[in-house]
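K.L.:
Have a look at the structure that comes next, please.
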Amino acid sequence: MQQINHRLLIAYDGTGYRGWQVQGTAPTIQLHLETVLSQLWQTDIRIHGSGRTDTGVHARGQVAHFLAPARFKSPQKLKEAMNALLPPTIRIRKVDHPSLHFHSRFSAKGKEYEYRITHHGEGSPFEINYAWQLKRQLNTKAMQEAAQELIGKHDFAAFASNPGYSRETTVRTIYNILFTSRKNLLTLRFTGSGFLYRMVRNLTGALVRVGDGRLQPTDIKRILKSASRSQAPPPAPAAGLYLNRVYYRQIKNK
């Protein structure tokens with residue numbers, strides 16, 4: 001039977017999941033999706049995501065695809081069927097049918113991640129799993145100055161954790177790092193050609209060190225040029241990170 005390509009736009013709360021990728025019987029996003037699809041098609045279905053998210057990381061715009069024979073009258077019907085079977089912490093936002101040449105990972109041109117931080121406050125029990133809660137106030141002006149050193153095409157080896165597999169290159173392009181403040185909530189939005197393993201969390205961890213005075217903005221340039229992970233601070237926690245969007249058209253500098 002002829003197969004067609006199915007593309008899913010997915011949102012999920014990463015709390016309680018061991019990340020995106022299947023890891024045996026551990027609860028992961030991919031495992032839940034494949035279990036539901038295999039139930040709907042009555043055969044094993046393999047799904048491919050645009051990239052892996054770690055334990056505790058959230059997504060508003062993860063993209064995945066799978067090949068399977070036509071089964072539902074419309075994409076909307078498949079969306080409804082999947083959401084009826086998935087846990088409420090995973091929602092299918094949209095379904096469509098791209099060409100067979102589309103691949104959620106290899107066709108991607110870039111991504112946007114968001115990191116949420118609360119600072120100069122007592123914190124909230126309702127934000128524990130959704131933001132990095134800091135009691136001290138951050139110097140956002142210094143952080144923005146430091147962030148400018150990261151814009152452009154660089155070797156980000158110093159801000160890349162070991163993924164456990166080989167990489168062709170650690171060179172990436174960051175188009176923009178946007179800062180938004182509202183009361184005690186600081187949001188950092190990273191847009192780039194692609195991101196290395198834990199790169200956004202590592203960058204955020206370094207920028208926070210600038211914000212609290214333990215590093216100077218000029219230190220970011222020094223760490224970047226070192227190309228050594230040991231020269232950079234620890235990563236920010238997973239809970240504040242969100243995959244916002246995957247781009248499939250060339251991104252213009254913002």
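K.L.:
Would you check which residues across the stretch 175-189 are among the polar types (S, T, N, Q) and open to solvent by 50 Å² or more (accessible area, probe 1.4 Å) and list them? Reasoning before the result, please.
P.N.:
Taking the stretch 175-189 and keeping what is among the polar types (S, T, N, Q), we get 176, 180-181, 184, 187.
Within the stretch 175-189, Thr180, Ser181, Asn184 meet the criteria.
K.L.:
Separate question: Of the residues in the stretch 30-58, how many are touching a residue at least 60 places away in the same chain (Cβ under 8 Å), open to solvent by less than 60 Å² (accessible area, probe 1.4 Å) and assigned to a loop (DSSP other than H, G, I, E, B)?
P.N.:
6
K.L.:
Hey, another quick one. Could you list, in sequence order, all residues of the stretch 196-254 that are in contact with a helix residue (DSSP H, G or I) (Cβ under 7 Å, 6 or more places away or on another chain), among the polar types (S, T, N, Q) and surrounded by 19 or more Cβ atoms within 10 Å (Cβ to Cβ)?
P.N.:
Answer for the stretch 196-254, where residues must be in contact with a helix residue (DSSP H, G or I) (Cβ under 7 Å, 6 or more places away or on another chain), among the polar types (S, T, N, Q) and surrounded by 19 or more Cβ atoms within 10 Å (Cβ to Cβ): just Asn202.
Yes or no, residue by residue, for (1) under 13 Å from Ile90 (Cα atoms); (2) surrounded by fewer than 19 Cβ atoms within 10 Å (Cβ to Cβ):
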position: His6; (1), (2): no, no
position: Thr15; (1), (2): yes, yes
position: Thr28; (1), (2): yes, no
position: Gln62; (1), (2): yes, no
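K.L.:
Still on this structure, I have one more. Sort out which residues of the stretch 78-101 are open to solvent by 20 Å² or more (accessible area, probe 1.4 Å), of a type in the set (A, V, I, L, M, F, W, C) and touching a residue at least 24 places away in the same chain (Cβ under 8 Å), and write them in order of number.
P.N.:
So in the stretch 78-101, the residues open to solvent by 20 Å² or more (accessible area, probe 1.4 Å) come out as 79-81, 83-85, 87-89, 91, 93-94, 96-101.
Checking the rest, the ones that are also of a type in the set (A, V, I, L, M, F, W, C) come to 81, 84-85, 100.
Once the filter is applied, which keeps residues that are open to solvent by 20 Å² or more (accessible area, probe 1.4 Å), of a type in the set (A, V, I, L, M, F, W, C) and touching a residue at least 24 places away in the same chain (Cβ under 8 Å), the stretch 78-101 yields Ala81, Leu85, Leu100.
K.L.:
Further question on the same structure: Checking Leu78 against (1) in contact with a His (Cβ under 8 Å, 6 or more places away or on another chain); (2) not in a helix (DSSP H, G or I), which test does it fail?
P.N.:
The single condition Leu78 does not satisfy is (2).
The values are calculated or read from the model by the stated rules, or taken from the named source; none is laboratory data. All figures in this text were calculated on a predicted structure; none of them were measured in a lab. FYI the Cβ positions are ideal-geometry reconstructions off the backbone, even for glycines, and counts take in every protein chain you see. Quick note on the areas: whole protein, heavy atoms, side chains included, nothing else; ligands and nucleic acids left out. Shrake-Rupley method; radii C 1.70, N 1.55, O 1.52, S 1.80 Å.
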